[in-house]
Structure formats: structure tokens, C-alpha cells
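*Asks:* One structure is given below, represented as C-alpha cells, and several questions about it will come after.
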Amino acid sequence: MSNDNVQQSFSSFEDEQCPKCKGRKYLNSNMKILVSPCFHKLCETCINQIFGQGAAPCPFCKQILRKSYFVPQTFEDLYVEKEVQIRKKVGKYFNKRLEDFDNNLRQYNDYLEEVEELSKNYS
């Protein structure tokens with residue numbers, strides 16, 4: 001592994017930081033950082049302090065959240081995380097297949113374009 005790769009790996013590991021308490025995963029390997037539905041990161045300790053008694057506003061955007069709403073981050077990039085969540089939500093309701101358009105490829109492609117536009121506007 002080259003020095004650049006080692007430095008890059010170290011940097012991304014070191015960057016895991018709770019924006020609320022400023023705790024670093026590098027200094028506390030047991031720290032768990034979770035993501036809210038509004039895509040803000042918090043460590044488990046801060047989540048317990050803020051949301052331990054029930055619903056409370058997100059410390060960053062003031063959206064009302066609960067402790068159970070926080071989930072582990074799947075992707076390193078939060079933009080990708082958000083994009084995947086949006087596509088999952090849109091896909092639950094807009095999930096037609098080519099057969100639903102009597103195999104009319106033009107109509108199906110128009111439908112897919114509309115779904116894509118909706119996904120873009122939702123983000």
C-alpha cells in the first residue's frame with residue numbers, strides 16, 4: 001500500500017466526527033455515528049442525550065426526530081446516501097414495468113423520464 005493510500009485511509013477514518021460533541025471515532029473506536037432522515041450525522045451518545053426522552057428537534061435543521069429514526073450510514077458519501085433513499089421512496093410508488101405499457105417502449109421510456117425527473121426534484 002502506497003503512502004498516499006495509507007494517508008487517504010487514515011484521513012477518512014479520522015474524519016469520522018460527531019458534529020455536535022466533536023468526538024472523533026479515531027480517538028474512540030467504539031463510537032457509532034448514525035444518520036438522521038434529514039441526513040445529519042450524530043454519534044450514539046449525542047442521540048441518546050437529545051432524543052432519549054422522546055421526540056426533539058434536529059440540532060442542525062430543527063426537523064422533529066426520534067431516536068429510532070437514526071440509522072447506520074450505508075455509503076461513505078451522504079449525497080449518495082440521500083440519493084438512494086429518495087430512489088427507494090419514489091420506487092415504492094412508481095414501479096411500473098414495460099408490460100404495464102403493453103410493451104410500448106416509447107410510453108415506458110416517457111414514464112421512466114418522468115420518474116427520473118421526480119427523483120431529481122425531490123432531492
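*Asks:* Kindly list the number of the only condition in (1) in the same structural domain as C21 (by TED's automatic domain parsing); (2) touching a strand residue (DSSP E or B) at 6+ places or on another chain (Cβ under 8 Å); (3) of a type outside the set (S, T, N, Q) that fails for G54.
*Replies:* (2)
*Asks:* Identify the residue in the range 85-119 that is surrounded by fewer than 10 Cβ atoms within 10 Å (Cβ to Cβ) and either of a type in the set (S, T, N, Q) or closer than 23 Å to C38 by Cβ (or both) and, among all such residues, is farthest from the chain's Cα centre (by Cα). Before the answer, list the steps.
*Replies:* Filtering the range 85-119 down to residues surrounded by fewer than 10 Cβ atoms within 10 Å (Cβ to Cβ) leaves 88, 92-93, 95, 97, 99, 102, 105-106.
Remaining after also requiring either of a type in the set (S, T, N, Q) or closer than 23 Å to C38 by Cβ (or both): 88, 92-93, 95.
Values: K88: 12, K92: 17, Y93: 20, N95: 22 Å.
Filtering first and then ranking leaves N95.
*Asks:* Related question: Which of (1) in the same structural domain as K20 (by TED's automatic domain parsing); (2) in contact (Cβ under 8 Å) with a residue 24 or more places away in the chain is the odd one out, the single condition K82 does not satisfy?
*Replies:* In the conditions (1) in the same structural domain as K20 (by TED's automatic domain parsing); (2) in contact (Cβ under 8 Å) with a residue 24 or more places away in the chain, K82 misses (1) alone.
*Asks:* Let me confirm something: among K67, K88, which residue is charged (D, E, K, R) and outside the structural domain of E113 (by TED's automatic domain parsing)?
*Replies:* Criteria check complete, one pass: K67.
*Asks:* Also, I was wondering about something else. May I ask you to list the residues in the range 34-84 that are of a type outside the set (F, W, Y), touching a Ser or Thr at 6+ places or on another chain (Cβ under 8 Å) and surrounded by 14 or more Cβ atoms within 10 Å (Cβ to Cβ)?
*Replies:* Of everything in the range 34-84, those that are of a type outside the set (F, W, Y), touching a Ser or Thr at 6+ places or on another chain (Cβ under 8 Å) and surrounded by 14 or more Cβ atoms within 10 Å (Cβ to Cβ) turn out to be L42, C58, L65, E81, K82, E83.
*Asks:* Can you tell me which residues in the range 23-53 are closer than 28 Å to Y122 by Cα and either among the hydroxyl-bearing types (S, T, Y) or assigned to a loop (DSSP other than H, G, I, E, B) (or both)?
*Replies:* Of everything in the range 23-53, those that are closer than 28 Å to Y122 by Cα and either among the hydroxyl-bearing types (S, T, Y) or assigned to a loop (DSSP other than H, G, I, E, B) (or both) turn out to be S36, P37, C38, F39, H40.
The values are calculated or read from the model by the stated rules, or taken from the named source; none is laboratory data. Everything quoted here is computed from the prediction, not taken from an experiment. Reconstructed Cβ throughout: ideal geometry from the backbone, glycine too, with neighbour counts over all protein chains shown.
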